[in-house]
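Remarks on the structure that follows.
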Amino acid sequence: MRITEEEYFDPGTPEGVPVRYLHKGCSDGKDPSLVVTRTSTGWKYRCHRCRSAGYRGLDGFSASVVASFAKQTWQKKGLVRQITLPQQYRFSDAIETALQAWLMRYDITPAEFMRYGMYRSLSRLIIPVKDSAGKVVYWQGRSFVEEQAKWVNQKQVGREDVFF
């Protein structure tokens, strides 16, 4: 029997810690028999009385439950970090020509280039994204060299107010 009641699946529960619940219709008048343990991707459960067991992923949960689960997981893994931008470098003439052609193709003026804090790093154009306080929360790098991946993205993990 698949257990679907959301009350058994608490996103704030620490990962790997089993929690016992009274299983409706099974534990009535008895001790808690349903054990639910949060994993990195959902919850596993087992009732020691009726032998119901299974796994519940995040499918069908509300957006707030999914966000809370993700936040707890990121914090536990220590992935919340500050973004650091790559160092600035001067481009070779060939890469500089390719950069200028790309900027013109997308109607990005030199004033916009400066206003948005874009700059050159090795063979990439770096485009930083800042929050309202001026703190960098994301950057994207566009390569102008055939042998490299065209786009590289670096985002700050653990932020709920940055969407891509």
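Identify all residues within the range 119-146 that are in a loop (DSSP other than H, G, I, E, B) and not hydroxyl-bearing (Ser, Thr, Tyr); write none if there are none.
Passing the criteria: 122, 131, 133, 134, 135, 144, 145, 146.
What pairs can you find where one residue is in the range 141-155 and open to solvent by 100 Å² or more (accessible area, probe 1.4 Å), the other is assigned to a loop (DSSP other than H, G, I, E, B), and their Cβ atoms are less than 7 Å apart, with a gap of 6+ or different chains?
Qualifying pairs under 7 Å: 155/162; 155/164.
Hey, among 91, 69, which residue is part of a loop (DSSP other than H, G, I, E, B) and at pLDDT below 80?
Within the list 91, 69, the selection yields 91.
Mind counting the residues in the range 97-123 that are in contact with a strand residue (DSSP E or B) (Cβ under 8 Å, 6 or more places away or on another chain) and open to solvent by 40 Å² or more (accessible area, probe 1.4 Å)?
Summing the residues that are in contact with a strand residue (DSSP E or B) (Cβ under 8 Å, 6 or more places away or on another chain) and open to solvent by 40 Å² or more (accessible area, probe 1.4 Å) in the range 97-123 gives 2.
When you scan the range 37-58, how many residues do you find that are within 23 Å of the chain's Cα centre (by Cα) and either over 21 Å from residue 68 (Cα atoms) or open to solvent by 30 Å² or more (accessible area, probe 1.4 Å) (or both)?
The qualifying residues number 6.
Among residues belonging to the range 59-68 that are open to solvent by less than 60 Å² (accessible area, probe 1.4 Å) and of a type outside the set (Ser, Thr, Tyr), point out the one that is farthest from residue 26 (Cα to Cα). Talk me through it step by step, then tell me what you get.
As a first pass, look at the range 59-68 and keep what is open to solvent by less than 60 Å² (accessible area, probe 1.4 Å): 61-62, 65-68.
From the residues that got through so far, the ones that are of a type outside the set (Ser, Thr, Tyr) too are 61, 65-67.
Numbers: 61: 24, 65: 26, 66: 28, 67: 31 Å.
Per the criteria, the residue is 67.
Just to be sure I understand, how many residues within the range 10-36 are touching a Lys or Arg at 6+ places or on another chain (Cβ under 6 Å) and buried (at least 16 other Cβ atoms within 10 Å of the Cβ)?
4
The values are calculated or read from the model by the stated rules, or taken from the named source; none is laboratory data. Note that this is a predicted model, so its numbers are computed, not measured. Here Cβ is always computed from backbone atoms with ideal geometry, including for glycine, and neighbour counts include all displayed protein chains. Heavy atoms of the whole protein, side chains included, go into the accessibility calculation; ligands, DNA and RNA do not. Shrake-Rupley method; radii C 1.70, N 1.55, O 1.52, S 1.80 Å.
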